[in-house]
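The values are calculated or read from the model by the stated rules, or taken from the named source; none is laboratory data. Because the structure is predicted, anything quoted here is derived from the model rather than measured. Positions of Cβ are generated from backbone atoms using ideal geometry, with glycine treated the same way; all protein chains shown enter the neighbour counts. Each accessible area value is taken on the protein alone, full model and side chains, heavy atoms only, with ligands, DNA and RNA left out. Shrake-Rupley method; radii C 1.70, N 1.55, O 1.52, S 1.80 Å.
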Amino acid sequence: NPTYSGNETITICNADLPFNYGDSIFTKGGDYIVNFYTYSGCDSVINLRLNVNSIPIAPLKINGDTIITQAGNYTYSVDSVQGAQSYEWSISNPNWTGSSTSETISINIPVAGTATIGVKAVNECGISDATTLNVKSSVNINEKDAVIWALGQNIPNPATATTLIPYSIPQEGKVVFSVMTISGQV
């Protein structure tokens, strides 16, 4: 009877080691030759390629704006993580919205506040630790205008009988002018 031969590729997670295949036990990935015996006692040879995957590492950093001054959509991204099949994004501020399973996410930031944006790399073996970015938004927060007042040059200058002195104050109120001569008389 002829010898049977074949090829098989199996991918497992690191947590599945040691791996049993036929009468063999494997403790790491690699290319192996596995011998089997048929019912009639003939040899069968399987060329086994055992791939062992691990949980992906966390993305190195999140790229994007950390200070937001206008409401809108903002894009955040990470560099691809080797072995990751998808990504899990999280946003700690419930008023900010966005979702994605890819390397990028568009987040709508309509209001002021702070948030921690997080991302994890995912594959069939598990989920990485999170990488985070803190973001601050001052959307719709108007700084109280500083008290601005101004006193202009008198018109005409030099004046003889009358003169106009322009001024402005930030709100309605009582104004007192004191006019002095060159010698200091009020």
Taking the residues in the stretch 24-46 that are open to solvent by 90 Å² or more (accessible area, probe 1.4 Å) and within 47 Å of the chain's Cα centre (by Cα) as candidates, determine which candidate is modelled with the lowest pLDDT.
I33
Is there a residue being in contact (Cβ under 8 Å) with a residue 40 or more places away in the chain and surrounded by 13 or more Cβ atoms within 10 Å (Cβ to Cβ) anywhere in the stretch 139-155?
yes
For residues that are open to solvent by less than 100 Å² (accessible area, probe 1.4 Å) and not in a strand (DSSP E or B), tally how many sit in the stretch 1-23.
7
When the stretch 37-86 is examined, which residues are found to be out of contact with any Leu (no Cβ under 7 Å at 6 or more places or on another chain), in a strand (DSSP E or B) and within 20 Å of I12 (Cα to Cα)?
I46, N47, L48, R49, L50, N51, N53, S86
Checking A159 against (1) under 22 Å from the mean Cα position of the chain (by Cα); (2) open to solvent by less than 60 Å² (accessible area, probe 1.4 Å), which test does it fail?
(1)
